[in-house]
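For reference, the structure discussed in these notes is given below.
The values are calculated or read from the model by the stated rules, or taken from the named source; none is laboratory data. In this text, all values refer to a predicted model and were calculated from it rather than measured experimentally. Please note: Cβ atoms are built from the backbone with ideal geometry, for glycine as well, and neighbour counts cover all protein chains shown. Accessible surface is based on the protein model in full, side chains and every heavy atom, while ligands, DNA and RNA are left aside. Shrake-Rupley method; radii C 1.70, N 1.55, O 1.52, S 1.80 Å.
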Amino acid sequence: MALEVGDIDEALAFYDSLFAFELRGRGDTKAFIDMGDQFIALAETEAAGDTTDDARHFGLVVDDAATVERRLEALEIDQLDAPGLEFHDPWGNRVQIVDYEEIQFTKVDHVLEGMGLTDLEKTDDALEELREKGLAPDSSGE
């Protein structure tokens, strides 16, 4: 995923205040960050922030959405009036936070282990969605 931002250093500081990430690389006008197994490219542009995007968004899957919500509150970043947890970054990019336990996809055991997240579980609703698609972790869905 690629996002336009007004300043690379400010963008790195902003996203670092909310999420743990690894800086994969950077240049004068670009930075590349890894958030778990998700990847974001940040590109500095003069037009970033000229408009706020209310129609499009990107979602980040996190292991603890409540922690992100507390950080947003502490940083006085307004949450959008939408179901779930959504906000705009300083450049108008709309961000949706999704808790891993609530989504219908799963990570294979070796990926969860590599990320240090072997204790993550799924909600009953997410397990039911997986069962309906024949993708539940086992026949009982548990």
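Relative to the dominant Cα principal axis of the chain, helix 65-74 is inclined by about 30°. Over the chain, the pair-distance histogram of Cα-Cα distances with 5 Å bins from zero comes to 2, 9, 17, 20, 19, 15, 10, 6, 3, 1, 0 percent, rounded to whole numbers. Between D78 and D37, the contour length at 0.36 nm per residue exceeds the Cα-Cα span by 12.1 nm. Here segment 76-137 has an Rg and Dmax of 14.9, 42 Å, counting Cα atoms alone. The value obtained for segment 5-48, namely the Cα convex hull volume divided by the number of residues, is 58 Å³ per residue. Rolling a 1.4 Å probe over the protein chains gives L18 an accessible area of about 0 Å². When E86, E113 are compared by accessible area at a 1.4 angstrom probe, the order from most to least is E113, E86.
Trypsin sites (Lys or Arg not before Pro) within segment 30-116: which are DSSP loop residues with at most 16 other Cβ atoms inside 10 Å?
Values: sites: K30, R56, R70, R71, R94, K107; in loops: R56, K107.
Here the trypsin sites (Lys or Arg not before Pro) that fit, given the DSSP loop and packing criteria, are R56, K107.
Residue by residue, segment 92-99 carries 3J(HN,Hα) couplings of x, 6, 8, 10, 10, 9, 10, 7 Hz when phi is fed to the Karplus relation 6.51 cos²θ - 1.76 cosθ + 1.60 (θ = phi - 60°); x denotes Gly or Pro. Test of understanding: extend the Cα→C-beta vector of E86 to 7 Å, then name every residue of segment 32-75 with backbone N under 13 Å from that spot. Label zone hits: 53-60.
In deg cm²/dmol, rounded to 500, what helix-only [θ] at 222 nm does the chain give when every DSSP H run of at least 4 residues adds -39500 (n - 2.57) and the total is split over its residues?
After summing the helix terms and dividing by the residues of the chain, the value is -7000 deg cm²/dmol.
Dipole check for segment 31-127: with +1 at the C-beta of Lys and Arg, -1 at the C-beta of Asp and Glu, and the Cα centre as origin, the magnitude is about 200 Debye. With respect to the chain, whose longest principal axis is taken over its alpha-carbon atoms, helix 8-18 is tilted by about 40°. With a 1.4 Å probe rolled over the protein heavy atoms of all chains, the accessible area of M1, M35, M115 falls in the order M1, M115, M35, largest first. Measuring nothing but how far apart in sequence close Cα pairs (under 8 Å, 6+ apart) lie, relative to its length, segment 54-102 scores a relative contact order of 48 percent.
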